[in-house]
Amino acid sequence: MSKIVIVDKEYIFQASSFSTDLTDAEKKKVEWAWKKEEGQIQYFEKQGFIDDNGIVSKNISFDKSLAGETVYVMPFLKEPDPSISIIVEVEKVNIIFLTFDDGIQEGTEEVLKILKEEGVKGTFFLTGVHSYFSYDTDKKKTLAALKEIYENHAIGNHSYSHANYFYTSYYRKGGVLKDNQNNRRSVKDDFIKNKDLIKKYIKEIDKSYSNDLMLAKNQTIPLARFPGTNTWFVDENLKDIKSTSRGRTFEFAQKDSKEEAEELFKLGYKIFGWDIEWHMTFDLAGVTRNKILENDKVDYSDDEQAHPDHIDLYSEEHIEKDRLTDSWKTVKEEVLDFAHHSSLQLFDDNSKREKKVVLLMHERAFRNRSDNNAVESEKLRSLIKELKKLGAKFRTLENY
Ligand SMILES: [Zn+2]
């Protein structure tokens, strides 16, 4: 069995499925080779290895001179042995995009520490309300987190208001309430307002920053994610797709955010939804919504002061709120499942065929417990370590 790959990309192939229960010694008889479409078979110098799960892996890189060519990669038996028949399933590496929403907030620091220690990059979709609250509460800590994101990860725009958690009215009525006369700040202006705020903070950590966009240091493409809806508009071939999140579709919400997505795309943003979500409870959204509904006297004219997120949602009272409901093992299975189905081209759009998985998470779910126990962020480390073992590569969404 062979598999077509694009040469200028980096892949790991796995021979993961055998027709018989081979012993370890037998599995070691598997070798790897490759050839160009019309060319001779060539052998890799270093062969694969067998890991603890009995998976034969091969890290493959090609000479740059082959860039753009199609090559076939084949695993086969070193010495032909009729008593052993192997069926080898060759799969491309999973490229995982770790994405974190609603920062800068409690938990951002914990997540950044894990990513740094594991040497992987993520994309942080920042919101104005959360960042402003964080900055106002602890300026030093907030700017340190932003600096780490700015220098080592990618930054995305996730709106200023997060729709105040009233998503339907945000998309249907054209933005978020900005005063008591029912005037609204449009979705587009809400993203611009966020951009201006984050840009202001970036300038505090890099005085030479002169870009009008909100970008990390080495980032060139602005990224955005809509609050509360799984909307995609990456390019003309990847827009308005149905969500593939466990068979649930978000057409209803997508329809509502379509015009806004067009507007942001015109401003240069690539808009990303997600494939898999590391589920958590959303208690704090409810707390926020209730505060708004209870309080007739909200002064929307000063939205930083008036925004319910200015209430400390991370106080002792709320410390157990917004916590993970999926185990890291569940998330791992879902990521592999999604990658597998995308490789079989089961989705109705072309873009999902390259085994790319966008994983949505929220930093606050990983924040320390009240006893400062770091167990929550260790779950993120466990997932990353396990996916690494399976050959996953981690990229920022700029490189989708
Ligand atoms: Zn969000």
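Just so you know, all these numbers are worked out from the coordinates, no wet-lab data involved. No experiment lies behind these values; they were computed from the predicted model shown. Neighbour counts are summed over all protein chains in view; Cβ atoms, including those assigned to glycine, are modelled from backbone coordinates with ideal geometry.
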Exercise. Show me 166-175, 313-322 ranked by packing, highest mean number of other Cβ atoms within 10 Å first.
Key: 166-175, 313-322
Practice problem: Just grab the label-to-label distance for Ser370 and Leu293, each label 7 Å out from Cα along the Cβ direction, in nm (one decimal). | Solution: 2.6
Practice problem: Let me see the pair-distance distribution of the stretch 92-232: every alpha carbon pair, 5 Å bin width, integer percents in order. | Solution: 2, 10, 20, 22, 19, 14, 8, 4, 1, 0, 0, 0
Quiz prompt | Restraint check, Lys141/Lys379; Lys116/Lys329; Lys173/Lys270; Lys178/Lys332; Lys200/Lys393, Cα-Cα greater than 29 Å | solution = Lys178/Lys332; Lys200/Lys393
Self-check item: Model label zone, Leu267; criterion: amide N under 16 Å from point 7 Å along Cα-to-beta-carbon; scope the stretch 142-167
Solution: 155-164
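Greater than 30 Å separation of Cα atoms is the criterion. Which listed pairs, Lys195/Lys239; Lys199/Lys239; Lys121/Lys291; Lys207/Lys266; Lys258/Lys388; Lys195/Lys258, meet it?
Over 30 Å apart, Cα to Cα: Lys121/Lys291; Lys258/Lys388.
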Quiz item: Which value, in debye to the nearest 20, gives the size of the charge dipole of the stretch 354-400 about its Cα centre, when Lys and Arg are +1 and Asp and Glu are -1 at the Cβ?
Solution: 200
Exercise. Would you mind computing, in nm to one decimal, how far apart the modelled labels at Asp136 and Glu259 are, each placed 7 Å from Cα along Cα→Cβ?
Key: 3.1
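Using the per-residue mean of other Cβ atoms lying within 10 Å as a proxy for protection, in what order, highest first, do the peptides 372-378, 270-276 fall?
Highest to lowest by the protection proxy: 270-276, 372-378.
Which order do peptides 359-366, 118-125 fall in by mean Cβ count within 10 Å, highest first?
359-366, 118-125
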Practice problem: Give me the distance in nm between label points sitting 7 Å out from Cα along the Cα-to-Cβ direction at Glu317 and Lys329, one decimal. | Solution: 3.8
